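Q: Let me begin by handing over the structure; questions about it come next.
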Amino acid sequence: MDIILLGPPGAGKGTQAQRLEQRHGMQQLSTGDMLRGAVKAGTPIGLKAKAVMDRGELVSDEIVSELIDAELTAMGADTGAIFDGYPRTAAQARSLDEILARHGRSLDHVIELVVDEDALVERITGRFTCANCGAGYHDTFKQPAQSGVCDECGATEFKRRPDDNEETVRTRMVEYRAKTAPILPIYEERGIVNRVDGMASIDEVTEAIDAVLG
Ligand code: ADP
Ligand code: ADP
Ligand code: ZN
């Protein structure tokens, strides 16, 4: 089963993707994580992408589609893919169709996480992750059970993204509205869009997604 998690920055895509990996043995394919990996490694793609990401604008369609294609090639054919943060434009949606066809795969569900825009800035500015395993946390909504210790791996180092500031978030929201939300009708026509209330608690959102996946 291959699915897309769609929603604005801070909607909870990464949080839910990590849970789907644990519960259903699926694999998260996050272009944001891939790009941050490329920036950290100083690859040519990373060098190109860094300034664009710091501004909260979108990296080129070609770059992200190539990253996704490579990950799918490396992945087992029986492992379900969770596309997180991709596709973000109509061109990327078309590329994804081609890439999936080439890999003999197809989309089963597009899950739209519906959230109040007002809540997103607070979600994003309070976000932090484990520096060791990447588990996601929040200053207000999801502190580790024991303060300063990762629930998943016990590490004590955490990090925050340089683009998780209010100014950049506003640009990312504008990009979402202008370029990403308009791709929903492509999937609505195919009858594969499921709306989930992203303002519910993290556990409730997981339950709602599980109900869609059946
Ligand atoms: P996205 O990947 O869509 O940008 P994240 O999954 O990283 O979003 O979530 C953004 C922040 O909001 C994280 O700090 C996360 O812990 C928190 N969060 C995610 N889902 C919820 C929720 N349903 N309620 C409250 N906080 C949430
Ligand atoms: P978010 O919390 O907004 O979901 P991501 O981690 O998905 O953040 O993306 C961080 C940044 O990486 C984006 O603002 C953008 O610059 C770049 N990026 C990630 N995925 C894509 C994509 N599919 N197309 C273009 N740019 C992307
Ligand atoms: Zn950890």
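Readers should treat all values here as calculations from the given coordinates under stated rules, not as data from a laboratory. Owing to the predicted nature of the structure, the values given are computational and were not obtained by experimental measurement.
Q: When averaged across all projection directions, what area in nm² does the alpha-carbon convex hull of the chain cover?
A: Average projection, Cα convex hull of the chain: 11.3 nm².
Q: Same structure again: Could you give me the ³J(HN,Hα) list for the range 162-167, computed from phi with Karplus coefficients 6.51, -1.76, 1.60 and θ = phi - 60°, whole Hz, x at Gly and Pro?
A: With coefficients 6.51, -1.76 and 1.60, one gets x, 8, 8, 10, 4, 4 Hz.
Q: Using the alpha-carbon centroid of each, what span in Å lies between the range 39-93 and the range 124-189?
A: With the range 39-93 and the range 124-189 each reduced to a Cα centre, they are spaced 17 Å.
Q: Report the Cα-based extents of the range 57-153 along its three principal axes, largest first, to the nearest Å.
A: 46, 32, 24
Q: With runs of 4+ DSSP H residues as the only contributors, calculate the mean residue ellipticity of the chain at 222 nm using -39,500 (n - 2.57) per run, divided by the residue total and rounded to the nearest 500.
A: -14000 deg cm²/dmol
Q: In the chain, what percentage of the DSSP-assigned beta bridges are antiparallel, given to the nearest 5?
A: If I count the DSSP bridges inside the chain, around 25 percent turn out antiparallel.
Q: Still on this structure: Quick one: Karplus J couplings for the range 92-103, per residue in order, coefficients 6.51, -1.76, 1.60, θ = phi - 60°, nearest Hz, x for Gly and Pro?
A: Per residue, the Karplus-derived 3J(HN,Hα) values read 5, 4, 5, 4, 4, 4, 5, 5, 4, 4, 4, 8 Hz.
Q: Please identify, among D197, D163, D78, the residue showing maximal mean-square fluctuation in a Gaussian network model of the chain using a 10 angstrom Cα cutoff.
A: It is D78.
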